[in-house]
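See below for the structure under consideration.
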């Protein structure tokens, strides 16, 4: 199988203190240097990966982040970044043109809501970051995680996006085994609110396959839809291959310059490939950073809805860029 995506964790460090995430509290370890990352990118190309999501933590905390993105673009990857925007205003110019899919995390439509969720005063910086990105010809998207606590305010988030002149992507909070993130698990009410907002506001998008998967109850270990190992390669900041995924990594295999061989030939990868979506931790899972790529594997309703979703987003992006050129 040819993997589609690499979820490359550049750092677990973060300068926010979000109440729904504890990645910033992980024990710090030595992060891989640029040459190690460059070598892994070369192996990812050999494996057929097309898209690299450099993530974290906060990716902009890496001093060499622009060098990393430039190397990824040199090797022909599509790239993405999701940032809390704390550092974006001072690093925007060096990142210009290096990020194909630029996402700014948004937890609420106003400073009080967003800042309380993020644990730092950051709303004004987010608004400033949108303006800077637009001035540089970028296509920033407000990535809004929809939870059981905020789904009734989606229309306010959509209107904020309209005022700022950008699209809003509604990302249902995921759930997984043992009620992980239980206070924000996807609910039927959230699904209805997301669909309603998208009908009402032209600048709002969401993944149709994801909502259908919520309706189905998430991953079924008896008939798994997750293809985390086949579709995604997850790499830690410490140069480990995470199996079967980051969120429920059962194993972290040191890469040491042999990513291609590990993925193609190692027994441990094959074991997890055979059990992907079937482990006890996989029951009910809706971790989108692994399931969305999985929906591209195999022909079924999720594959079709995924195709429809991204065809629509491509057209929305094209229309936005056309308007920007006219303006």
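The values are calculated or read from the model by the stated rules, or taken from the named source; none is laboratory data. Keep in mind it's a predicted model, so treat the numbers as computed, not measured. Cβ: placed from backbone, ideal geometry, glycine included. Neighbour counts: every protein chain shown.
Some values worked out for this structure:
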| read-out | value |
| --- | --- |
| Selection within the range 83-107 - at positive phi and surrounded by 18 or more Cβ atoms within 10 Å (Cβ to Cβ) | 85 |
| Some residue of the range 125-141 being buried (at least 21 other Cβ atoms within 10 Å of the Cβ), at pLDDT 95 or above, within 19 Å of the chain's Cα centre (by Cα) and closer than 26 Å to residue 192 by Cα | yes |
| Every pair of residues 6+ apart whose Cβ atoms lie under 9 Å, when the first sits in the range 98-116 and is closer than 19 Å to residue 171 by Cα while the second is part of a strand (DSSP E or B) and modelled with pLDDT under 90 | 105/145; 106/145; 107/145 |
| Residues being more than 24 Å from residue 131 (Cβ to Cβ) and either modelled with pLDDT of 95 or more or surrounded by fewer than 19 Cβ atoms within 10 Å (Cβ to Cβ) (or both) - total across the range 50-61 | 4 |
| Only one of 300, 230, 271, 239 that is touching a helix residue (DSSP H, G or I) at 6+ places or on another chain (Cβ under 6 Å) and modelled with pLDDT of 95 or more | 239 |
| Index of the failed condition, residue 186 passing every other in (1) in contact (Cβ under 8 Å) with a residue 24 or more places away in the chain; (2) under 25 Å from residue 301 (Cα atoms); (3) part of a helix (DSSP H, G or I) | (3) |
| Count of the range 309-321 residues which are out of contact with any helix residue (DSSP H, G or I) (no Cβ under 6 Å at 6 or more places or on another chain) and either touching a residue at least 12 places away in the same chain (Cβ under 8 Å) or not in a helix (DSSP H, G or I) (or both) | 6 |
| One residue from 280, 236, 266, 275 being over 19 Å from the mean Cα position of the chain (by Cα), over 30 Å from residue 131 (Cα atoms) and in contact (Cβ under 8 Å) with a residue 60 or more places away in the chain | 280 |
| Set 210, 198: member being under 28 Å from residue 100 (Cβ atoms), touching a helix residue (DSSP H, G or I) at 6+ places or on another chain (Cβ under 8 Å) and at pLDDT 90 or above | 210 |
| Residues that are farther than 10 Å from residue 237 by Cα, modelled with pLDDT of 95 or more and surrounded by 19 or more Cβ atoms within 10 Å (Cβ to Cβ), drawn from the range 5-38 | 5, 6, 7 |
| Among residues of the range 132-154, those that are in contact with a strand residue (DSSP E or B) (Cβ under 9 Å, 6 or more places away or on another chain), within 18 Å of residue 91 (Cβ to Cβ) and part of a loop (DSSP other than H, G, I, E, B), counted | 2 |
| Residue satisfying condition, being out of contact with any helix residue (DSSP H, G or I) (no Cβ under 7 Å at 6 or more places or on another chain) and under 22 Å from residue 7 (Cα atoms), within set 79, 83, 145 | 145 |
